[in-house]
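So the structure is just underneath, and the comments pick up after that.
The values are calculated or read from the model by the stated rules, or taken from the named source; none is laboratory data. No experiment lies behind these values; they were computed from the predicted model shown. Cβ: placed from backbone, ideal geometry, glycine included. Neighbour counts: every protein chain shown.
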Amino acid sequence: MRGNHVLAEAAVRAGCRFYFGYPITPQNEVPEYMSERLSKVEGGVFIQAESEVASIHMVIGASMTGGRAMTSSSGPGISLKQEGISFLSALELPAVIVNMSRGGPGLGNIAPAQSDYFQATRGGGHGDYRTIVLAPNSCQELANLTYGAFDLADKYRTPVVILGDGMLGQMMEPVELPPEVQIKKLPHKDWTLTGAKGRPSRFIRSLILDPFEEEEHNWKLMRKYERIIKEEVKWETAFADDAKLMVVAFGIAARIAKGAIKRMRDEGLKVGLIRPISLWPFPYKAIKELTKKVRHFFVFEMNMGQMIEDVKLAVEGNGEVHFYGRPGGIILTPLEISRVISSYYYQKRIG
Amino acid sequence: MKKVFSRPKSLKRIPFHYCPGCGHSLLHRIIGEVIDEMNLQDRIIGIPPAGCAVLAYFYFDIDMGEASHGRGAALATGMKRALPDRVVFTYQGDGDIAAIGTAETIHAASRGENFSTIFVNNGVYGMTGGQMAPTTILGQKTTTSPGGRKEKRDGLPINLSEMLAIAKGSAFIERTAVNSPANILRTKKAIAKAFRVQLEGYGFSLVEVLSPCPTNWKMEPVEACRWVDEVMAVHFPLGVLKDVTGDKKDDH
């Protein structure tokens, strides 16, 4: 299946019944799939909205009623959704937001790039908030992480971002899809707006005029984020046991890097890989732990260097952090990366 | 003794924060009465805006979900599609609906989304201190149209309700006012009709309410009420702009 179809099917199987979107390449297969699929599911709602701004606010409306809701877009459209993501965070509403990112800034192009790392992990919207950010690197992981994203969003009442890219959305791989959840069996939400029948009326708002109350709301969010940091960090390592140099890469770049590392291993270079799967919360501790054995970190991204800032924060000066990246939608080959990393490896006399 | 007047059940016992002579308090009360009379309190969901009425959830004893500036129609779309058997209404000011939220509103109306909108038009951005609104009429002084709104500098005001009446998906659009007892009663009837239009599944319904803002208009409340009739209603004529239900004009 094609990545964008995998994502859409996994969302429906996770109980997503409300999809609101707007066409933008390279994610158009998501709304296309959803329009067909949700029309055949009981209670399924698909709307092609007039804008990304409208679609994220439709997500807010559906989420307020307790439904599992999703929207998807790519870079420029995600910029427009930032208002809604800030509101989702403030209102403590679950939602899944997909960014099949492309070259930027501005309109950029429609080729795969990872230039939205800052936007995804720092939040492009206003205010003190965080969003869980998951970065799959295969169609199978796209299915699994999307499926799990709805549970995470509900568990923490917070928006979850799936950060893919044009390549992941377009590539085709065999996938084992997760089973369909029974919506009625999902955990009860005791905060939804459904009409005040047999209970006191409720309201959901983000305007808190009293600074002391707003501060308390911020602390409440912070305590939630601390729980997420404690419980939801995901990463993966490969060839790490005897590695003298660790490549740090996420998403599709990690997949390419893995190919490069295999090539270098064949030549006897002790190179390993750590791949953050959750970009927020970032695996700071896991990388810090690696500094006990490894002095050299090589960050590879399909951008001009964004995640490298988190890697440096994780390394805390206990190692050298080197960077190689190409922005603009350039897809590197494992050969190119292996050459760059090997040359660094030999320059530093790591072996 | 027969009780002839009391606080609507669907309003909480909290005093309004609105300025003296402001139309919001009246309008809240009317909506509360309609909700009571139509027995909707346990199945209606309101969407307050950013603006003076942002705190509406403190006053209405119904479920309410706050929208960001201008996005009420999008939020209501998501909500109503998720819960088609509930009654959903947005409460929006002129800056909210006719400037920043124009796209959301026109498209919701065009899709025939089956919710209702109460559009409070007082011709200024009230909460932010009286700046020029999309509905500020020519010559009207605001903090950002010094010397009065001028066509060449500031452009012309928008008649949003007329635009929405053209939309094929809209079912009922009426413009009323809350500046006199007769107009208040008429507004109440229009709101009840809008909710009925929604209950019967006709599609998008909207009641635009011309509402005095003595504070930002720098007028006495009585003068502001008169100004609604004498000046505002000339630019924004009262009456039914669209009704697809087939009811006779004054039936509701």
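Laid out as a table, the results:
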{"item": "Tally, over the range A:103-154, of residues that are among the acidic types (Asp, Glu), in a helix (DSSP H, G or I) and either free of Cβ contacts under 8 Å to residues at least 12 places away in the same chain or closer than 19 Å to residue A:30 by Cβ (or both)", "result": "1"}
{"item": "Residue check for residue A:249: in contact (Cβ under 8 Å) with a residue 40 or more places away in the chain and either outside the structural domain of residue A:138 (by TED's automatic domain parsing) or surrounded by 15 or more Cβ atoms within 10 Å (Cβ to Cβ) (or both)", "result": "yes"}
{"item": "Test: residue A:25 is in a strand (DSSP E or B), under 20 Å from residue A:164 (Cα atoms), in the same structural domain as residue A:117 (by TED's automatic domain parsing) and in contact (Cβ under 8 Å) with a residue 24 or more places away in the chain", "result": "no"}
{"item": "Test result for residue B:29, at pLDDT 95 or above, among the basic types (Lys, Arg) and farther than 18 Å from residue B:177 by Cα", "result": "no"}
{"item": "Criterion (closer than 27 Å to residue A:75 by Cβ and modelled with pLDDT of 95 or more) met by exactly one of A:211, A:159", "result": "A:159"}
{"item": "Of all residues in the range A:48-70 being part of a strand (DSSP E or B) and out of contact with any Lys or Arg (no Cβ under 7 Å at 6 or more places or on another chain), the one that is nearest to the other protein chains (Cβ to nearest Cβ)", "result": "A:69"}
{"item": "Residue count for the range A:252-283, restricted to those that are surrounded by 18 or more Cβ atoms within 10 Å (Cβ to Cβ) and assigned to a helix (DSSP H, G or I)", "result": "11"}
{"item": "Identity of the residue in the range B:52-109, of a type in the set (Ser, Thr, Tyr) and surrounded by fewer than 24 Cβ atoms within 10 Å (Cβ to Cβ), that ends up farthest from the other protein chains (Cβ to nearest Cβ)", "result": "B:102"}
{"item": "Leading residue by the ranking (surrounded by the most Cβ atoms within 10 Å (Cβ to Cβ)) among those in the range A:291-332 that are touching a Gly at 6+ places or on another chain (Cβ under 8 Å) and farther than 22 Å from residue A:120 by Cα", "result": "A:297"}
{"item": "Considering residues of the range A:308-351 that are assigned to a strand (DSSP E or B) and of a type outside the set (Phe, Trp, Tyr) only, the residue nearest to the chain's Cα centre (by Cα)", "result": "A:325"}
{"item": "Per-region count, the range B:184-200, residues over 16 Å from residue B:38 (Cα atoms) and either in a strand (DSSP E or B) or out of contact with any Ser or Thr (no Cβ under 6 Å at 6 or more places or on another chain) (or both)", "result": "1"}
{"item": "Failed criterion for residue B:138 (all others in (1) buried (at least 16 other Cβ atoms within 10 Å of the Cβ); (2) touching a helix residue (DSSP H, G or I) at 6+ places or on another chain (Cβ under 7 Å) hold)", "result": "(1)"}
{"item": "Candidates A:43, A:15, A:77, filtered to the one that is under 23 Å from residue A:93 (Cβ atoms), surrounded by fewer than 24 Cβ atoms within 10 Å (Cβ to Cβ) and more than 14 Å from every other protein chain (Cβ to nearest Cβ)", "result": "A:77"}
{"item": "Scope the range B:27-51; condition within 30 Å of residue A:52 (Cβ to Cβ) and either at the interface with chain A (Cβ under 7 Å from one of its Cβ atoms) or among the hydroxyl-bearing types (Ser, Thr, Tyr) (or both); matching residues", "result": "B:44, B:45"}
{"item": "Filter result (of a type in the set (Gly, Ala, Ser) and more than 17 Å from the chain's Cα centre (by Cα)) within the range B:55-79", "result": "B:78"}
{"item": "Residue in the range A:219-241 that is surrounded by 15 or more Cβ atoms within 10 Å (Cβ to Cβ), free of Cβ contacts under 8 Å to residues at least 40 places away in the same chain and part of a loop (DSSP other than H, G, I, E, B) present", "result": "yes"}
